């Protein structure tokens with residue numbers, strides 16, 4: 001019964017990973033046999049490749065700002081949609097719908113929104129008397145544009161938080177009201193601590209996804225202007241499928257893997273201090 005899964009894992013996950021690790025230590029252009037170089041690709045990548053470090057910085061800044069914003073917006077939406085209001089199901093569907101749309105269609109939509117001449121956002125700014133902004137053409141603000149785009153997918157987090165909010169025991173809120181706690185205090189003293197396991201999950205998931213951002217910058221800017229939106233996976237793509245430096249691209253992939261691994265371990269270690277599991281001692285899920 002497990003054979004199909006084992007077959008898929010070996011041939012489509014473990015196998016390609018092992019092959020990529022070997023190729024990261026070679027020079028290979030897809031057309032000639034790989035030439036073994038040892039750790040030369042990693043040495044060149046980490047010591048001589050300034051463009052790599054630029055893409056590393058762009059990707060890290062994007063993750064640092066986009067992940068907390070998505071968490072905050074998703075939690076705020078969940079809190080709003082956890083109330084008893086009319087047309088509640090419709091509102092939940094509307095906010096979640098963007099999360100299931102194709103990434104290509106979303107990118108094209110934001111091209112219309114952020115367009116310099118006829119974009120919807122600049123049209124709104126013009127009504128306020130503000131000059132048009134080159135959202136995707138200015139190196140100083142293009143990354144901000146991608147961070148704003150990331151909020152569009154907060155509906156997925158909203159749905160997860162909504163389930164978590166509905167699992168918080170109502171007697172905790174009733175006891176807090178008896179003690180005179182207001183809405184603000186109940187949210188930060190009861191709601192947030194009780195859903196920290198879900199926040200932890202979305203934080204880890206958000207870090208992994210944001211550090212692999214590729215589709216939207218590839219479609220909208222191709223890394224420009226002046227490499228200001230050159231995300232690290234887009235840089236990997238250039239080496240692999242534009243310049244056919246598959247060995248060097250594999251080295252970039254492994255650097256990304258270890259970067260994500262290190263960040264995930266750090267967040268996992270920090271969770272002992274701030275994640276509360278119901279029924280556990282000292283806030284630890286032992």
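Calculate the FRET efficiency for residue 141 and residue 259 from the Cβ-Cβ distance with a Förster distance of 35 Å, rounded to the nearest 0.05. Walk me through the numbers before you get to the answer.
Values: r = 26 Å, r/R0 = 0.73.
Rounded to the nearest 0.05, the efficiency is 0.85.
In whole angstrom, note down how far apart the Cα centers of segment 1-71 and segment 231-276 are. Answer, in whole Å: 7.
From the coordinates of this entry, Cα Rg over 2.2 N^0.38 Å is computed, and it appears in [x] 1.21; [y] 1.81; [z] 0.96 under the label [x].
Based on the Cβ-Cβ distance of residue 214 and residue 192, what FRET efficiency does E = 1/(1 + (r/R0)^6) give at R0 = 30 Å, to the nearest 0.05? Approximately 0.40, to the nearest 0.05. Normalising the average separation of contacting C-alpha pairs (under 8 angstrom, six or more residues apart) by the number of residues puts the relative contact order of the chain at 28 percent. Sort segment 215-280 into rounded, prolate or oblate with this rule: let a ≥ b ≥ c be the square roots of the eigenvalues of the Cα gyration tensor; rounded if a/c is under 1.5, and if a/c is not under 1.5, prolate when a/b is larger than b/c, oblate otherwise. Note, shape of segment 215-280 comes out prolate. Extension gain, residue 100 to residue 44, is 16.2 nm, computed as 0.36 nm per intervening residue step minus the present C-alpha separation. Let a ≥ b ≥ c be the square roots of the eigenvalues of the Cα gyration tensor of segment 145-286; is it rounded (a/c under 1.5), or, if not, prolate (a/b larger than b/c) or oblate? Note, shape of segment 145-286 comes out prolate.
Here segment 108-172 and segment 83-99 have alpha carbon centers that stand 18 Å from each other. Under a Gaussian network description of the chain, with springs only between Cα atoms under 10 Å, the residue in 271, 183, 154 that fluctuates furthest is 183.
Could you work out the helix-only [θ] at 222 nm for the chain, with each DSSP H run of four or more residues adding -39,500 (n - 2.57) and the total divided by the number of residues, to the nearest 500 deg cm²/dmol?
-18500 deg cm²/dmol
Estimated at 0.36 nm per residue, the fully extended path between residue 109 and residue 270 surpasses their Cα-Cα distance by 54.2 nm. If the segment from residue 32 to residue 176 were pulled out straight at 0.36 nm per residue, it would be longer than the present Cα-Cα gap by 44.8 nm.
Here, each number is a calculation from the coordinates, and none is a lab measurement. Keep in mind that this is a model prediction, so the values were computed, not measured. In this analysis, Cβ positions are derived from the backbone assuming ideal geometry, glycine residues included, and neighbour counts consider all displayed protein chains.
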